[in-house]
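So the structure is just underneath, and the comments pick up after that.
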Amino acid sequence: MKPLHEMTACELLDAQKSGALSARDIVRASLDRIAGLDPSIKALLSVRAEEALAQAQSIDAARAKGEPLGALAGLPIVLKDNICTKGWETTCASRILRNFKPPYDAGVVAKLRAADAVILAKANMDEFAFGSSTENSAFFPTRNPWDSSRVPGGSSGGSVASVASGMTPLALGSETGGSVRQPASFCGVTGLKPTYGRVSRYGLIAFGSSLDQIAPCARDAKDVALLLGVIAGHDASDSTSSPAPVPDYLAGISRPCPKMRIGLPREYFIDGLAPDVEKRVREAAEAFRSLGHDVRDVSLPDPKYGVSAYYIIGTAEASSNLARFDGVHYGHRTAAKTDIIELYSRTREEGFGDEAKRRIMLGTHALSSGYYDAYYLKAAKVRRLVAEGFRKAFEEVDAVLSPTSPTTAFKLGERSTDPLQMYLADIFTIPANMAGIPGISIPCGFDSSGLPVGVQLMAPALEESRLLHLANAFQSATDFHLRRPAV
Amino acid sequence: MIDEKQVAHVAKLARLALTPEEMQRFAAQLSHILAYVDELNEIDTSGVEPMSHPLDLSNIFRDDATKPSLSPDEALANAPQKRDGFFLVPPVLEWGE
């Protein structure tokens, strides 16, 4: 048997059913791996080892008695620290929520618990998911398991790095503009942004309410399919969650992959795309062609306009959502003796980090009197064009293939002084969030420095099965997803 | 472009007590970002319906029925300051003589 930290979630389920491994073996191995690696990778903000071991023990006991178990029984999972866990610190990696213990579980957390998943830890992130490198955490940056001088991507860098380094087979992050796909590409793992509304946002601390979506991350498409099947579905507590039935994603992709038309959007192969990234992505397109798919050119709106519109819409929504942090109901409160307005203003000044303040300022400006039409309304119209562009492209093709990010992982500090350069790391992932459609990033090779490259596939709303099918077909024919960093 | 005076105005709207150094830096950075965002004006959006949301949702209603909710103690558990079952804040209105 291969080492536990190299096994996929599906393999770990089988090993428990056959009696080769217990849930306690699996959870113990994850905790050992965390103890050994996290002091240097720094992916996690809080670990609940004793609770996890106790839960594993009760799963083993239930299995011994022949009691029915959930679909994720005994599988460790790590959650981004913007997903509420009852009585367990949920900080958004922000000083303003440093000691916040939610009084309820997020919708996905309730589903994970019902499926007998073992929640091990809460993961580091860019503060309030504002960033593409996990350097904007108020606590510490996370390192890329492939090269500790480089960022893991972000904002879900902690969740993704914990999967890439074998601390856990499964993790949840969140996406507003690419925050799982982009780090998945930087860290060589598989990350899916579901259709807007496919997964309940109840208990996900809001950034951009019309863009946010909880997103699964794992080592391969099968594990992502397994996890998505558990967390997807309608939730009465999130009125925007989709009532569409949830297919059995895992059973679906075990059938042969139907032949599809895959479009390469010429607007996504641009100046500024790193040559090694372009090579690997074009090789991936060729691999799909040799698997029998019809790979052809397609046209989409220029993604640079998506970035501009996104940074208006995303910050506008963020500035409204973050108005709730005022030092009254929860979180940090200034020690200064002041009136109520100063209480709000000083609390927020002390509690928020640099990027959070910058985005609140940008969003407030874009919504302010005299600027609303020029910025917010204009951006909302461009957003319509982005969505329309996909609708037209999907009349010609079944899926779209592009790079996930223009480069491989960059060095810590390299982009932190230039907000705009950081924003451009998400140029190819933002359009799917704007349109509300699903996208997946899968490993497709390495650059000349040995850093992972990701290829992205996008499909029409609620066609996650199509993406998982294609990703699984690619992973059945390649071994990039099996390579592991030497940590 | 956005100058420091506008930054001060926006900071007041956003309830952020920015330092003078932050005002200066944000004026430069926000100007840079807004100049980039101005490329949106290259796109003709006449006649385009703004899209505020990916879903065409109308109002979604639930039954108007009571259900369990947080107890006052749970709701107040994270309050930085509380008293007698309430969130505690400084006086909102100034009292006269």
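No lab work stands behind these numbers, since they all come straight from the coordinates. Since we're looking at a predicted model, the values are computed, not measured. Here Cβ is always computed from backbone atoms with ideal geometry, including for glycine, and neighbour counts include all displayed protein chains.
Hey, got the dipole for the range A:1-112? About the Cα centre, +1 on K and R Cβ, -1 on D and E Cβ, debye to the nearest 20? Could you put the intermediate results ahead of the total?
Working: 15 positive and 13 negative charges, 58 e Å.
The calculation lands at about 280 debye.
Would you tally the net charge around residue A:449, using a Cβ to Cβ cut-off of less than 12 Å, leaving residue A:449 out, and scoring K and R as +1, D and E as -1? Residues close to residue A:449 contribute a combined charge of -1. Normalised by the number of residues in chain A, the average gap of Cα pairs under 8 Å and 6 or more apart makes the relative contact order 18 percent.
For a label point 7 Å from the Cα of residue B:39 along Cα→C-beta, name the residues of the range A:155-192 whose backbone N is under 19 Å from it. Flagged as within label range: A:177-178.
How big is the dipole moment of chain B about its Cα centre under a simple scheme where the beta carbon of each Lys and Arg is +1, that of each Asp and Glu is -1, and everything else is neutral? Debye, nearest 20, please.
Here the size comes out at about 440 debye.
Taking amide H as placed 1.01 Å from N in the peptide plane, residue A:46 has its amide H under 5 Å from the amide H of A:122, each at least 5 places away in sequence or on another chain. Of A:10, A:139, A:374, which is farthest along the charge dipole of the protein assembly as shown in the positive direction, counting Lys and Arg as +1 and Asp and Glu as -1 at C-beta? So the residue we want is A:10.
Using a Förster distance of 22 Å, how high is the FRET efficiency between residue B:19 and residue A:411, based on the Cβ-Cβ distance and rounded to 0.05? Result of the calculation: an efficiency of 0.15. Simple spin-label estimate for residue A:391 and residue A:139 gives 4.3 nm between the two label positions (7 Å along the Cα-to-Cβ direction from each Cα). For residue A:21, nonlocal amide neighbours, meaning residues 5 or more places apart or on other chains whose placed amide H falls under 5 Å from its own, are A:16.
About its Cα centre, the dipole of chain A is roughly 280 debye, where the only charges are +1 on Lys and Arg Cβ and -1 on Asp and Glu Cβ.
In this structure, residue A:236 and residue A:320 have a Cβ-Cβ separation that, at R0 = 22 Å, corresponds to a calculated FRET efficiency of about 0.40. For the range A:119-193, the gyration tensor built on C-alpha atoms gives a rounded shape. Its axis ratio a/c (a ≥ b ≥ c) stays under 1.5. Here's the picture: a label point sits 7 Å out from the Cα of residue A:420 along the beta-carbon direction, and within the range B:30-56 the residues with their amide nitrogen under 19 Å of it are B:30-43. Rounded, prolate or oblate for the range A:260-306? Axes are the square roots of the Cα gyration tensor eigenvalues, ordered a ≥ b ≥ c, and the cut-off for rounded is a/c under 1.5. Cα axes put the range A:260-306 in the oblate bin. The relative contact order of the range A:140-284, computed from alpha carbon pairs under 8 Å that lie at least 6 residues apart in sequence, is 18 percent. Measuring r between the beta carbons of residue A:337 and residue B:49 and using R0 = 51 Å, the FRET efficiency lands at 0.50. An oblate overall shape is assigned to the protein assembly as shown, the ratio a/c of its alpha-carbon gyration tensor axes (a ≥ b ≥ c) being 1.5 or greater and a/b not exceeding b/c. So which aspartates and glutamates pass the test for residue A:222, namely a Cα distance under 18 Å, with those fewer than 8 places away in the same chain ruled out? Once the sequence-local aspartates and glutamates are set aside, what remains near residue A:222 is A:6, A:11, A:14, A:248, A:463, A:464, A:479.
Take every DSSP beta bridge whose two residues both sit in the protein assembly as shown; close to 70 percent of them are antiparallel. Between residue A:17 and residue A:40, the simple spin-label model (points 7 angstrom out along Cα→Cβ) gives 3.7 nm.
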